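Notes for the one structure printed next.
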Amino acid sequence: MMPGHRSKSEKHDGGEKQLRRDPYEVLGVSRNSTDQEIKTAYRKMALKYHPDKNANDPKAADMFKEVTFSYNILSDPDKRRQYDSAGFEAVESDNQELELDLSSLGAVNTMFAALFSKLGVPIKTTVSASVLEEALNGLVTIRPLPLGHYVSKRVEKQCAHFYSVTITEEEARAGFVCRVQSSDKSKFKLLYFDQEDNGGLSLALQEDSAKTGKVTSAGMYFLGFPVYRLDQTMNSIAAAKDPDTSFFRKLDGFQPCELNELKAGTHVFAVYGDNFFKSANYTIEALCAAPFSEEKENLRSIEAQILSKRAEISKFEAEYREVLAQFSEMTSRYAHEIQSIDELLKHRNEIHASYTITPFKRSTSKSRSKSSSKENKEDGQTREKRRPKKKKWYNLHLRVDKRKAC
């Protein structure tokens, strides 16, 4: 067992610091446990400490949070690897996403959850504790579902319809598929249960419905080779942060399913109504994969291509980030050089203007005023010289005509 790591947010109680416990220790599993073993341990403990069963027990409530917190780390391959190498600090555990049990929420909280879901905020939900407890105690009604047939029903919110499918040895080798779809795009979960020795059922697999064209659908494929599932929630969270991150994380949720094949015998599936306020309409069918040999090979091929593309994109991201950083640096320099050149040209024009416009006008006006005043003065002196002197009245020569008598 690994000792508990110190987390970023430490709780203080009476001045003493409480460390978070090792997630492996909390769930009672070893560090080499498989994903299925971790999931089984979590579901059993979550059912044991669920608030619905321990309404007035604060210790049970704390234990339920700790169990859920631990599972959120160990159920994610990347976060589990990061925790194993560097502890709580590496996985940013304070921001872990929790699954909501809608049956335990009040009307107001359920309304808010429905609103956020409608706005595109990814909200993970879990199966109601009461449904899991009834299944574990063997108190559920199980309907037979023949291979090659389908059943259409309506399941109430936070309730489940159980179905049993029996397959032969030959059918188990050929592969088996269980699919559910809803034409009115209802939200639901497709569940697969392990049968306990006491006759009860424990939840082993869970697939959330997703929109595919004009319907919502979910399926489980037991084909004898690794089949992958795509968790859309991971990419939705990344898309909200950054479009580039969304692209490079698009295939991170492409993870292998826990079970690749089923043995001959009877197997139990269930359809769980996951709507917030209304019931869910659905159609469920079970198929033997023997007639679909071509589809099986196509699925194997396309999933291998997706895995190859995921590795390729991971390498491409490092190159893209490096080139993007260089591009950002170049565009920043480009903008700086444009501004620098514009400022130099502007300053140059101002200098030109100081020579060709303002001083010229000023000097011209002054010279014109000086020359005009000088010319006026000279003209005045010349006119004075040329002008004849006026004779005074007593110097006038008076002519008298002698021929006329006065």
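The values are calculated or read from the model by the stated rules, or taken from the named source; none is laboratory data. Since we're looking at a predicted model, the values are computed, not measured. Methodologically, a virtual Cβ is constructed for each residue, glycine included, from the backbone with ideal geometry; neighbour enumeration extends over all protein chains shown.
Any idea which of E295, E337, E285 is at pLDDT 95 or above and not basic (K, R)? Only one candidate passes the filter, namely E285.
For region 37-62, a tally of residues being crowded, with 18+ Cβ neighbours inside 10 Å and part of a helix (DSSP H, G or I) returns 9.
For region 123-156, what are the residues that are in a helix (DSSP H, G or I), out of contact with any Asp or Glu (no Cβ under 6 Å at 6 or more places or on another chain) and in contact (Cβ under 8 Å) with a residue 60 or more places away in the chain? Step through it out loud before you land on a result.
Within region 123-156, the first condition is being in a helix (DSSP H, G or I), and the residues that meet it are 129-136.
Right, trim to out of contact with any Asp or Glu (no Cβ under 6 Å at 6 or more places or on another chain) and you get 130-136.
Once the filter is applied, which keeps residues that are in a helix (DSSP H, G or I), out of contact with any Asp or Glu (no Cβ under 6 Å at 6 or more places or on another chain) and in contact (Cβ under 8 Å) with a residue 60 or more places away in the chain, region 123-156 yields S130, V131, L132, E133, A135, L136.
Just one of (1) surrounded by 15 or more Cβ atoms within 10 Å (Cβ to Cβ); (2) part of a loop (DSSP other than H, G, I, E, B); (3) at pLDDT below 85 fails for T245. It is (2). Residues in region 157-207 that are more than 18 Å from C288 (Cα to Cα), part of a strand (DSSP E or B) and among the hydroxyl-bearing types (S, T, Y): 2 in all.
Just to check your reading of the model, which residue among G213, G224, G175 is buried (at least 22 other Cβ atoms within 10 Å of the Cβ) and over 23 Å from A129 (Cβ atoms)?
From the options G213, G224, G175, the qualifying one is G175.
Would a scan of region 270-283 turn up a residue that is assigned to a loop (DSSP other than H, G, I, E, B), exposed (fewer than 13 other Cβ atoms within 10 Å of the Cβ) and not basic (K, R)? Yes, that holds for at least one residue.
Do we have any residue at all in region 277-296 that's under 27 Å from T40 (Cα atoms), among the aromatic types (F, W, Y) and in contact with a helix residue (DSSP H, G or I) (Cβ under 8 Å, 6 or more places away or on another chain)? No. For region 258-269, filtered to residues that are at pLDDT 85 or above and not aliphatic (A, V, I, L, M), the residue that is surrounded by the fewest Cβ atoms within 10 Å (Cβ to Cβ) is K263.
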